[in-house]
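Taken together, the values in this text are just the output of simple stated rules run on the coordinates, not laboratory data. In this text the structure is predicted, and so the values were computed from the model without any measurement. Cβ: placed from backbone, ideal geometry, glycine included. Neighbour counts: every protein chain shown.
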Amino acid sequence: MRRSRITVSLQAQVDEIRAERDDTVEWLREQGFTVADTDANFCLFGPFEDRERVFEGLLARGVLIRVTGPEGWLRVSIGTATEMALFRSALMEVTA
């Protein structure tokens, strides 16, 4: 069965997001965070003593994530490699 160009393109995007998610989960764990296992396009990570402070610090740096999940945890949606690099840099600044 021949796959359409659209199907191939969408599958390539899904593969990129999965790879970026896996890289992000690994990086967060290397930084000492606990990360919930996930097959989704986001990950829950923490815990933070003051997750609102971290959220506000990221927001001030142009990074929007979600305050959701268990108390002390945050949720980041997986984006492009460039977007995730900005997230990593901002998170390191906020948590330094």
Handout entry: At R0 = 25 Å, FRET efficiency that the Cβ-Cβ distance of Arg3 and Glu26 yields, to 0.05
Key = 0.25
Practice task
Could you point to the label whose value was computed as Cα extents along the principal axes in Å for the structure here, given (i) 55, 34, 23; (ii) 137, 8, 5; (iii) 53, 25, 22?
Solution key: (iii)
Practice task
Please report Met92, Met84 as a ranked list, fewest other C-beta atoms within 10 angstrom at the top and most at the bottom.
Solution key: Met92, Met84
Exercise for the section: Rounding to the nearest 20 debye, state how big the charge dipole of the chain is about its Cα centre with +1 on each Lys and Arg Cβ and -1 on each Asp and Glu Cβ. Expected result: 500 debye
Problem - Simple spin-label estimate for Leu10 and Thr80 in nanometres, 7 Å along Cα-Cβ - result: 2.1 nm
Fill in the blank from the handout: Tilt, helix 81-95 to longest principal axis of the chain (alpha-carbon atoms), in degrees rounded to tens, equals 10 degrees
Fill in the blank from the handout: For the chain, longest principal axis from Cα atoms; helix 5-30 axis from its Cα atoms; angle between them, nearest 10 degrees, is 30 degrees
Handout entry: Those GluC sites (Glu not before Pro) in the chain that DSSP places in a loop and that have at most 14 other beta carbons within 10 Å
Key = Glu49, Glu71
Completion exercise
Among Asn41, Ser89, Gln11, the residue whose Cα sits farthest towards the positive end of the charge dipole of the chain (+1 at Cβ of Lys and Arg, -1 at Cβ of Asp and Glu, taken about the Cα centre) is Gln11
Handout entry: Relative contact order (percent, whole number), segment 5-95, Cα cutoff 8 Å, 6+ residue spacing
Key = 26 percent
Problem - Added length on full extension, which subtracts the Cα-Cα distance from 0.36 nm per residue, Asp39 to Arg66 - result: 7.9 nm
